[in-house]
Amino acid sequence: MKRIVILFVLLCAGYSLATAQDLITTTDGKDVQAKVLEVGTSTVKYVKYSNPDGPVYIIPLSEILMIRYANGDKDVFYEEAMPSSYPSTQVYEGMRYKQYKRFYNKHDYVRRDDDPYSPFLAGFGSFYVPGLGQLFCGEWGRGAAFCLGTYLTLGMATVSAATAGTYSYDNQGYRDSYHSGYSSIPLFLAAGTLWIWNICDAVKIAKIKNMYYQDVYGRKSEIKLHIEPYVGCSPVAATPNANLASGLSLRVDF
């Protein structure tokens, strides 16, 4: 019975290792499913996940944005200058939104209880008042731009619709042109597009800022638990023999 349990544990461990894959995101937005072999000072060596026994590929670090490993860890690469006290493969504390936003994908966001921003409240605020969600997230410039752009376009559309069916006159009192009001249609469409864009932008900002917060501030108190299969020899007292022991081991990483 013990042999069956040991074999089952080893098979599960082997399967998990075999199915593990890394994801390399390049600077042009492509995702490469791979198994990273080595991360050097200027290049990365990997094999394709679909062909692990195939050739080894080498890609420069300058062409890589991020590497997400199978265990959940990730390395972020970029060429911008940063304080020497921070490794070049990580985002660092004090970065501005425009500096780190390209390192994250909003679709990868996973909510945590200590996230400082609420994507729902940001989206609802921008739905209620264009740009308000951006202000909630601390992006005053983007919020003001969306607010002014949306209301200005909407005001122009309203004026155009209000003057529909009227004539303009020249200096001598003669009819000069007729306002049909059709020009208000594309203006209303533009205002609606800006309104929807501003809602999506507010939600995106909240998610990306939360991901940055999780990476920079969350790692300070992060504790990882790893449960792994264990197989070893356990000595038996007063005998020269040893029994085969198996089970699970718990490792805590601070």
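The values are calculated or read from the model by the stated rules, or taken from the named source; none is laboratory data. Because the structure is predicted, anything quoted here is derived from the model rather than measured. Here Cβ is always computed from backbone atoms with ideal geometry, including for glycine, and neighbour counts include all displayed protein chains.
Is it fair to say Val236 is out of contact with any helix residue (DSSP H, G or I) (no Cβ under 9 Å at 6 or more places or on another chain), farther than 30 Å from Glu93 by Cβ and either surrounded by fewer than 12 Cβ atoms within 10 Å (Cβ to Cβ) or at pLDDT 80 or above (or both)? Answer is yes for this residue.
Conditions (1) over 27 Å from Lys207 (Cα atoms); (2) modelled with pLDDT under 80, marked per residue:
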site: Leu17; (1), (2): yes, yes
site: Thr26; (1), (2): no, no
site: Gly40; (1), (2): yes, no
site: Lys45; (1), (2): yes, no
site: Ser50; (1), (2): yes, no
site: Pro60; (1), (2): yes, no
site: Asn71; (1), (2): no, no
site: Met82; (1), (2): no, yes
site: Met95; (1), (2): no, no
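Tell me, please, whether a residue that is crowded, with 16+ Cβ neighbours inside 10 Å, touching an Asp or Glu at 6+ places or on another chain (Cβ under 9 Å), modelled with pLDDT of 85 or more and under 15 Å from Phe127 (Cα atoms) can be found in the range 186-197. Among the residues of the range 186-197, not one is crowded, with 16+ Cβ neighbours inside 10 Å, touching an Asp or Glu at 6+ places or on another chain (Cβ under 9 Å), modelled with pLDDT of 85 or more and under 15 Å from Phe127 (Cα atoms), which makes the answer no.
Of all the numbered requirements in (1) touching a residue at least 40 places away in the same chain (Cβ under 8 Å); (2) more than 23 Å from Tyr212 (Cβ to Cβ), Pro55 misses one, and that requirement is (1).
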